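Participant: Handing you a structure now.
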Amino acid sequence: MRQGHAEVFFARQDESGGLLRAKRRSLDEHPERYVALMPGSEGLVDEVWKVAQALGHVEEPADGVKDLESLARVWEADLLVMDRESKKVAAAAVCCPSSWDPAGAVGNTLDDVHGLVPRLNPQIGVMINRFLEKVSPGKSYCRENWSFTRTADLDYHPAVGRRRLDESVTLEELFLRVEHQLFTGIPGGVLMGIRIEVCPLKDLAADAEVWRFTAEKIRTMPEDVAGYKSMDAAIEKMLQEMESFQATTDKR
């Protein structure tokens, strides 16, 4: 966790407009899958709109509607809103979830949500809660989380049914998925922004040190963490594919 910059994180990054088009398509087809709001959290959503407009990233909506789905349609980053008092996830507008259900997280405490993550609560759960209590408006912090997927698709909602990693996976199907997270304080809560970056795993071979480090991370990953990341059935094959690719590269 380190200092972040909300104005940079939330600024438009995809000049092609493809990301927003994909988000709008998801919201058109399954809004209940990607957007959820805990009763009584409308005030927090208002505060998120104020942040978006103060940063100059979104304009006043023509129809005057400032709900969470409307914001998700015009702001590239996915959004989670935490209520500071209850420590519950008060709202979610997440169109590119990493194998979790945004609607299912709303209304749960952070401890409940993080209970699914092996070793997280016992190791740093208290620190996370304290951190979120102290993130004041105007202050921002960022971090990254990573995993591997079998496709470059951004939407990994469980309902989509993406193919899981298993012993049949090939290097051509392996992608590093990095979840960039930013936390910024708002009155009464914390806004969490999420951006997903995906690249082919074999691209990491361009840097020998990064390639070795990645292989070692996969090789030494605890079983429960590998299960949580849906990698447990694929680790041996992933390492074989990486070793074979490296051997071929070294001969060139």
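The values are calculated or read from the model by the stated rules, or taken from the named source; none is laboratory data. Since we're looking at a predicted model, the values are computed, not measured. Because the Cβ atoms are built from the backbone with ideal geometry, glycine has one as well, and the counts that use them run over all protein chains shown.
Participant: Is one or more of the residues making up segment 63-74 buried (at least 20 other Cβ atoms within 10 Å of the Cβ), of a type in the set (Lys, Arg) and on the phi < 0 side of the Ramachandran plot?
Facilitator: Within segment 63-74, none of the residues are buried (at least 20 other Cβ atoms within 10 Å of the Cβ), of a type in the set (Lys, Arg) and on the phi < 0 side of the Ramachandran plot.
Participant: Quick check on my filter: what residues within segment 83-106 are in contact with a Lys or Arg (Cβ under 7 Å, 6 or more places away or on another chain) and hydrophobic (A, V, I, L, M, F, W, C)?
Facilitator: Hits for segment 83-106 are CYS95, ALA103.
Participant: Oh, and also: Look through VAL81, VAL8 and report the one residue that is β-branched (Val, Ile, Thr) and surrounded by 14 or more Cβ atoms within 10 Å (Cβ to Cβ). Full working, then the answer.
Facilitator: Details: VAL8 fails: surrounded by 14 or more Cβ atoms within 10 Å (Cβ to Cβ).
Result: VAL81 is the single residue among VAL81, VAL8 that is β-branched (Val, Ile, Thr) and surrounded by 14 or more Cβ atoms within 10 Å (Cβ to Cβ).
Participant: Test VAL51 against the criterion of being in contact with a helix residue (DSSP H, G or I) (Cβ under 9 Å, 6 or more places away or on another chain), touching a residue at least 60 places away in the same chain (Cβ under 8 Å) and either closer than 14 Å to PHE183 by Cα or outside any strand (DSSP E or B) (or both), and give yes or no.
Facilitator: yes
Participant: For segment 135-213, please list each of the strands (runs of 3 or more DSSP E) lying entirely inside it that holds at least 2 residues being in contact with a Gly (Cβ under 6 Å, 6 or more places away or on another chain) and at negative phi.
Facilitator: Those strands (runs of 3 or more DSSP E) span 140-149.
Participant: Given the residues LEU71, LEU79, LEU132, which is the only one that is assigned to a helix (DSSP H, G or I) and at pLDDT 95 or above?
Facilitator: It is LEU71.
Participant: If I ask for residues that are under 16 Å from TRP211 (Cα atoms) and not charged (D, E, K, R), which ones from segment 226-241 would you list?
Facilitator: Of everything in segment 226-241, those that are under 16 Å from TRP211 (Cα atoms) and not charged (D, E, K, R) turn out to be ILE235, MET238, LEU239, GLN240.
Participant: What is the number of the single condition among (1) under 17 Å from LEU154 (Cβ atoms); (2) touching a strand residue (DSSP E or B) at 6+ places or on another chain (Cβ under 7 Å); (3) crowded, with 20+ Cβ neighbours inside 10 Å that ARG33 does not meet?
Facilitator: (2)
Participant: Could you give me the residue pairs with C-beta distances under 7 Å whose first residue belongs to segment 64-80 and is closer than 16 Å to GLU47 by Cα, whose second residue is surrounded by fewer than 17 Cβ atoms within 10 Å (Cβ to Cβ) wherever it lies, and which are 6+ apart or on separate chains?
Facilitator: LYS66/ASP46; GLU69/PRO31; SER70/PRO61
Participant: Could you run through segment 172-187 and say how many residues are crowded, with 17+ Cβ neighbours inside 10 Å and either closer than 18 Å to MET221 by Cα or over 11 Å from the mean Cα position of the chain (by Cα) (or both)?
Facilitator: Of the residues in that region, 9 qualify.
Participant: Which members of segment 223-244 meet the condition of being outside any loop (DSSP other than H, G, I, E, B) and surrounded by fewer than 17 Cβ atoms within 10 Å (Cβ to Cβ)?
Facilitator: Scanning segment 223-244 gives GLU223, ASP224, VAL225, GLY227, GLU236, LEU239, GLN240, GLU243, SER244.
Participant: Can you run down the residue pairs with Cβ atoms below 9 Å, 6 or more apart or on separate chains, where the first is in segment 178-203 and in contact (Cβ under 8 Å) with a residue 60 or more places away in the chain and farther than 19 Å from GLN13 by Cβ and the partner is in a strand (DSSP E or B) and polar (S, T, N, Q)?
Facilitator: Note: pairs meeting the criteria are VAL190/THR184.
Participant: So is ASP101 over 22 Å from GLU197 (Cβ atoms), among the acidic types (Asp, Glu) and buried (at least 16 other Cβ atoms within 10 Å of the Cβ) or not? Talk me through it step by step, then tell me what you get.
Facilitator: Details: over 22 Å from GLU197 (Cβ atoms): no; among the acidic types (Asp, Glu): yes; buried (at least 16 other Cβ atoms within 10 Å of the Cβ): yes.
Taking the combined requirement at face value, the residue does not satisfy it.
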